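Worksheet for the structure shown next.
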Amino acid sequence: MIPSFKSAVVGSVLATGLAFSGAASAGITLDTSPLKADAVLQLGNIAYNVSSAAYIEFGALANTTKLADGQEWSETLQKNVPVPRYNMPVTKATVSIGWDLKITANSGQSSRSALQLKRGYVNVVLANFSIDFDKEIVYADVFTDGKLTKTKATIYDFDVVEPQKISFKNLVLNQSVKIGKLKLTQEAQDLLGNGLYIEDILRPQLAALDFGTISVLVTSYKRSPKANATPFTAADIPASPAP
């Protein structure tokens, strides 16, 4: 890290009233809603196929948008197959700065991003996603049939498959990281199993499924209009199922 950049980072930290400790600075939460900052969920091929076989459909709500399908290698078919992808704007990021000025991303939030899972006449919505890079957990609020079931439930465990690259270009956060091997936590298995009335014989399969990857890219480019960071609530769930 060049001296001028070090001085700029130190100055920005001091300007916020934060001081360096022996290990790291207190977490600095940055508003990324005005930036082109995105988290793209690409569902795993097998998890998507098993979900479809169980009559579970996925839909994007609020800030979430469905992208063109991605491609994933199928060992069974020995070729690439299409898999759904969803974009969730990153609205906040928390970083810490060590005494040696090493920058570490601790967490990120996608407030107001929501994914609806439908099965027949029942549905579960996962919303207001956040990624804790320290604990390697993805969290979300859970709504069942239009009512809040659990705030900040643990949804996925994960591994980091592409290490973080992080900097402050012109004192604006730039970050990239990819997490994968998304496995449902026991809490998520119970919430989804109960909310979607998944048969007992099918529930053990949930624990083994890899639900794909999330690619996070935070840039210094402006987003216009900026992402709506107002948390998703039950009032935002449409009366009719999402397409």
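Within the full protein context, the accessible area of LEU148 is estimated at about 100 Å² for a probe radius of 1.4 Å.
Largest accessible area first, the listed residues LYS150, LYS178 line up as LYS150, LYS178 when surface is computed with a 1.4 Å probe on the assembled protein chains.
Taking all protein chains as they are arranged and a probe of 1.4 Å, the heavy atoms of ARG223 leave approximately 50 Å² accessible to solvent.
Helix content alone sets the calculated 222 nm mean residue ellipticity of the chain: runs of n ≥ 4 DSSP H residues at -39500 (n - 2.57) each, divided across all residues, give -4500 deg cm²/dmol.
Where Lys and Arg each count +1 and Asp and Glu each count -1, what net charge lies around LEU173 among other residues with Cβ under 11 Å from its Cβ? Every neighbour counted, the sum reads +1. In the structure shown, the pairs LYS36/LYS66; LYS135/LYS183; LYS150/LYS178 are assessed against 23 Å; a Cα-Cα span above that value is assigned to LYS150/LYS178. Normalised by residue number, the volume inside the convex hull of the Cα atoms of the range 24-165 is 131 Å³ per residue. Taking all protein chains into account, the per residue accessible area for the range 195-239 stands at 61 Å² (1.4 Å probe). In this view, the solvent-accessible surface of ASP132, computed with a 1.4 Å probe and all protein chains in place, comes to about 30 Å².
Extension gain, ALA208-THR104: 0.36 nm per intervening residue step, less the Cα-Cα distance, totals 34.4 nm.
The residues ASP190, ASP200, sorted by heavy-atom accessible surface at 1.4 Å with ligands and nucleic acids left out, run ASP200, ASP190 from largest to smallest. Modelled spin-label separation between ASP200 and ASP31, with each label point placed 7 Å from Cα along the Cα-to-Cβ direction: 5.2 nm. Return one number: the angle in degrees, 0 to 90 and rounded to the nearest 10, between the long axis of the Cα atoms of helix 3-15 and the longest principal axis of the Cα atoms of the chain. Value to nearest ten degrees: 70.
The average projected area of the range 168-243, computed from the convex hull of its Cα atoms over all directions, is 8.2 nm².
Eigenvalues of the alpha-carbon gyration tensor of the range 40-121, scaled by 5 and square-rooted, set the equivalent ellipsoid semi-axes at 31, 19, 10 angstrom, largest first. Sort out for me the Cα centre separation of the range 69-86 from the range 103-119, rounded to whole Å. Each part's Cα centre sits 23 Å from the other's. The fraction of accessible area contributed by carbon and sulfur in the chain is 56 percent, rounded to a whole number (1.4 Å probe; ligands and nucleic acids excluded). Counting only protein heavy atoms and a 1.4 Å probe, the range 63-143 has 42 square angstrom of accessible area per residue. Determine, from the Cβ-Cβ distance of LYS222 and GLN164 and an R0 of 25 Å, the FRET efficiency 1/(1 + (r/R0)^6), rounded to the nearest 0.05. Taking R0 as 25 Å, the efficiency between LYS222 and GLN164 is 0.65. The gain in end-to-end length when the VAL50 to LEU171 segment is fully stretched comes to 39.1 nm, 0.36 nm per residue minus the alpha carbon separation. Shown are LYS152, LYS147, whose ranking by accessible area with a 1.4 Å probe and every protein chain present, most to least, is LYS147, LYS152. Selection among PHE158, VAL142, ASN170 by position relative to the dipole of the range 132-175 gives ASN170 as farthest towards the positive end (Cβ unit charges, Cα centre).
The length gained by stretching the chain between ALA239 and ASP134 to full extension, at 0.36 nm per residue less their Cα-Cα distance, is 34.1 nm.
The values are calculated or read from the model by the stated rules, or taken from the named source; none is laboratory data. Values in this document were obtained by computation on a predicted structure and should not be read as measured data. Cβ coordinates were reconstructed from backbone atoms using ideal geometry, including for glycine residues, and neighbour counts include every protein chain displayed. SASA here: full protein model, heavy atoms, side chains in, ligands and nucleic acids out. Shrake-Rupley method; radii C 1.70, N 1.55, O 1.52, S 1.80 Å.
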